Amino acid sequence: MDREARRRLAVLRHVEEVSGNVALTCRYYGISRPTYYRWLRRYETEGVDGLRERSRRPRTSPNATRAEVVDKIVHLRRNYHFGPEKIAMYLRRYHDVTISRSTVWRILCRLDLGRLPASQRYRRHDRRWKRYEKQRPGHQVQIDVKFVEPLPPAGKAGVTLKPVGRRGKFYQFTAIDDCTRLRILKIYSTLNQKTAIQFLDYVLSQLPFAVEKIQTDNGTEFGTQFHWHVLDKGIGHVYIKPRTPHLNGKVERSHRIDAEEFYRLLDGVVIDDVNVFNSRLKEWQDYYNYDRPHGGLYGQTPYERLRQKTQTTSSE
């Protein structure tokens, strides 16, 4: 017998064995007489089991979140580690489901999915870097390199694959526009100034607007040859201070997005072929630029922000 059932049974016995008066017993225990008679009816029909605490949950909840929406919330949380605000943006954009982020948060907490991995947990405001944003496309483009460790492709049954040696390294060059978050990605098998120059030319040919300034870290791939090549294009080039990666924060953050939403979904397996690799990366780049709502852009995609900035400039 649980604690509440024992208490209710004691109230019933108090009337029979002590007071002999329902009103006095109810006043003594601080309950109403209708409550006493309800317990008495349950006890007479069901015995001690009738005195146990019963669920107050309604039999029907017409305003409850639908099961298929809850499944989508769980999928986005477990597979992409999205927070409540980004989950709400995705549901509104791709599934035409309007739900508040507070409701998403309650669902996550109820399903014990409230804690993110350590790398994505909330940071106090006094430990964050202040956000900034350029006001026009092309004003500043950040460029950086991400090292990618490839693994051999999945082979056919009965075929033994040779492990990839040191020659299998790949390097992802990334350029991101500070204003629109538009990104250009490309994979190279070598990391030097020659490939950095090739990537710069590729970026300038892909971006739909003129670039005024390039910002990089102090890596050897962005050395003197790269610097003068940028200047020859009529574009400014600035280096961030040593040991200050937060000054290149947008491209650094985009690399974390790549790791969480692109490479992690490949299950750590990348085909050891630069052309196939670039083909897969191009699909991810197009999704990022055209379809993925960006939290820093209040749910807009980079191309939607570009159209907004372009229309604003033309109207002025």
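Of the residues in the range 77-89, not one is assigned to a loop (DSSP other than H, G, I, E, B), charged (D, E, K, R) and within 33 Å of the chain's Cα centre (by Cα).
Listed by position, the helices (runs of 4 or more DSSP H) contained in the range 202-292 that have at least 3 residues being more than 30 Å from TYR90 (Cα to Cα) and either of a type in the set (A, V, I, L, M, F, W, C) or not assigned by TED's automatic domain parsing to the domain that holds VAL148 (or both) are 224-232.
With respect to the stated conditions, THR180 fails to be over 27 Å from PRO293 (Cβ atoms) and either hydroxyl-bearing (Ser, Thr, Tyr) or modelled with pLDDT of 95 or more (or both). Taking the range 26-37, which residues are surrounded by 12 or more Cβ atoms within 10 Å (Cβ to Cβ), within 17 Å of GLU4 (Cβ to Cβ) and not hydrophobic (A, V, I, L, M, F, W, C)? Scanning the range 26-37 gives TYR29, THR35, TYR36.
Residue pairs whose Cβ atoms lie under 9 Å apart, separated by 6 or more positions or on different chains, with the first residue in the range 74-92 and in contact (Cβ under 8 Å) with a residue 40 or more places away in the chain and within 22 Å of TYR263 (Cα to Cα) and the second among the small types (Gly, Ala, Ser) and not in a helix (DSSP H, G or I), are LYS86/GLY299. The condition (being at pLDDT 85 or above, among the hydroxyl-bearing types (Ser, Thr, Tyr) and touching a helix residue (DSSP H, G or I) at 6+ places or on another chain (Cβ under 8 Å)) is satisfied by just one residue among TYR303, TYR287: TYR303. Of all residues in the range 5-43, those that are small (Gly, Ala, Ser) and in contact with a helix residue (DSSP H, G or I) (Cβ under 8 Å, 6 or more places away or on another chain) total 4. If I filter the range 3-10 for residues that are closer than 30 Å to GLU261 by Cβ, assigned to a helix (DSSP H, G or I) and either polar (S, T, N, Q) or modelled with pLDDT of 90 or more (or both), do I get at least one hit? For the range 3-10, residues closer than 30 Å to GLU261 by Cβ, assigned to a helix (DSSP H, G or I) and either polar (S, T, N, Q) or modelled with pLDDT of 90 or more (or both): absent.
The values are calculated or read from the model by the stated rules, or taken from the named source; none is laboratory data. This is a predicted model, so every value here is computed, not measured. Cβ sites come from the backbone with ideal geometry, for glycine too, and all protein chains shown count toward neighbours.
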